[in-house]
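Take a look at the structure below.
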Amino acid sequence: QQPVQSPQAVILREGEDAVINCSSSKALYSVHWYRQKHGEAPVFLMILLKGGEQKGHDKISASFNEKKQQSSLYLTASQLSYSGTYFCGTDGRYSSASKIIFGSGTRLSIRP
Amino acid sequence: KAGVTQTPRYLIKTRGQQVTLSCSPISGHRSVSWYQQTPGQGLQFLFEYFSETQRNKGNFPGRFSGRQFSNSRSEMNVSTLELGDSALYLCASSLLDNEQFFGPGTRLTVL
């Protein structure tokens, strides 16, 4: 049930772009994206609800393809502050209860 | 507004002992979820409580249990500790089943 994230790790130079993918074998209600810096708690980036919407947060955006049960996180013109581990969390509920299952994470390293 | 707090921040126990971790959610948040984080395993869902009721449970043995009080504070208990229980335990609270706010975590070391 755990979503699959790819790649597991990526190294970029400052200013380069990156795409992190998240796919699930189950139908999804929503997809959540979090970033965790070393030694800190995960921090919410955005949530995407079913409907194929795309959201943006500064230079970080994401898309959610409900039919393919996939989501992608796009980081453009990466900055040093983008370094960290990115987790996607999927929610397959169709009731009032929420159960977010996280992927194993993608470690992003930005070099000057 | 104060964030999610967890106590204690660090804990060292020996095999066979039991441990209780505490989580105070953001004021007004009624949902509290617990996660176990270990290197390479990401965030493993333990359970979620809402208004003192367990709504969801992950695939962990019965040694892991939790509860939530009327003020939304939550505790999780691990009995008969094993070496493999060493991990960072995170709790997160949310208001309307959307954005989760994570606490700093409790790092448990089992010797």
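The values are calculated or read from the model by the stated rules, or taken from the named source; none is laboratory data. Fair warning: this is a prediction, and the values are worked out from it, not measured in the lab. In this analysis, Cβ positions are derived from the backbone assuming ideal geometry, glycine residues included, and neighbour counts consider all displayed protein chains. All accessible areas refer to the heavy atoms of the entire protein, side chains included, with ligands and DNA or RNA removed. Shrake-Rupley method; radii C 1.70, N 1.55, O 1.52, S 1.80 Å.
What is the residue count in segment B:1-10 for residues that are farther than 15 Å from B:S94 by Cβ and open to solvent by less than 20 Å² (accessible area, probe 1.4 Å)?
1
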Query raised in the report: Hey, any hits in segment B:85-92 for a residue that's in contact (Cβ under 8 Å) with a residue 24 or more places away in the chain, outside any strand (DSSP E or B), surrounded by fewer than 21 Cβ atoms within 10 Å (Cβ to Cβ) and on the phi > 0 side of the Ramachandran plot?
Result: no
Query raised in the report: For segment A:65-98, what are the residues that are at pLDDT below 90, open to solvent by less than 60 Å² (accessible area, probe 1.4 Å) and either more than 23 Å from B:S31 (Cβ to Cβ) or out of contact with any Pro (no Cβ under 9 Å at 6 or more places or on another chain) (or both)?
Result: A:Q69, A:D91, A:G92, A:R93, A:A97, A:S98
Report task. Kindly indicate whether B:R55 is surrounded by fewer than 16 Cβ atoms within 10 Å (Cβ to Cβ) and of a type in the set (D, E, K, R). Result -> no
Requested in this report: Please determine, by comparing only the residues of segment B:11-44 that are away from chain A (no Cβ under 13 Å) and not in a strand (DSSP E or B), which one is most open to solvent (accessible area, probe 1.4 Å).
Outcome: B:R15
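For (1) of a type outside the set (S, T, Y); (2) touching a strand residue (DSSP E or B) at 6+ places or on another chain (Cβ under 7 Å); (3) within 14 Å of chain A (Cβ to nearest Cβ), each residue gets a yes or a no:
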residue: B:F47; (1), (2), (3): yes, yes, yes
residue: B:T53; (1), (2), (3): no, no, yes
residue: B:G62; (1), (2), (3): yes, no, no
residue: B:S70; (1), (2), (3): no, no, no
residue: B:E75; (1), (2), (3): yes, yes, no
residue: B:L81; (1), (2), (3): yes, yes, no
residue: B:S93; (1), (2), (3): no, yes, yes
Query raised in the report: Can you tell me which residue in segment B:48-83 is nearest to the chain's Cα centre (by Cα), limited to those that are at pLDDT 90 or above and within 24 Å of A:Q5 (Cα to Cα)?
Result: B:E48
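Would you point out which residue out of B:F69, B:F102 is of a type outside the set (D, E), buried (at least 21 other Cβ atoms within 10 Å of the Cβ) and either farther than 28 Å from A:W33 by Cβ or out of contact with any Phe, Trp or Tyr (no Cβ under 6 Å at 6 or more places or on another chain) (or both)? I'd like the intermediate steps shown before the answer.
Numbers: B:F69 fails: buried (at least 21 other Cβ atoms within 10 Å of the Cβ).
Checking each option against the conditions leaves just B:F102.
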Query raised in the report: Does B:R30 satisfy the criteria of being under 15 Å from the mean Cα position of the chain (by Cα) and at pLDDT 90 or above?
Result: yes
Query raised in the report: Mind checking which residues of segment A:17-50 are away from chain B (no Cβ under 12 Å), in contact with a strand residue (DSSP E or B) (Cβ under 6 Å, 6 or more places away or on another chain) and over 18 Å from B:G42 (Cα atoms)?
Result: A:A18, A:V19, A:L28
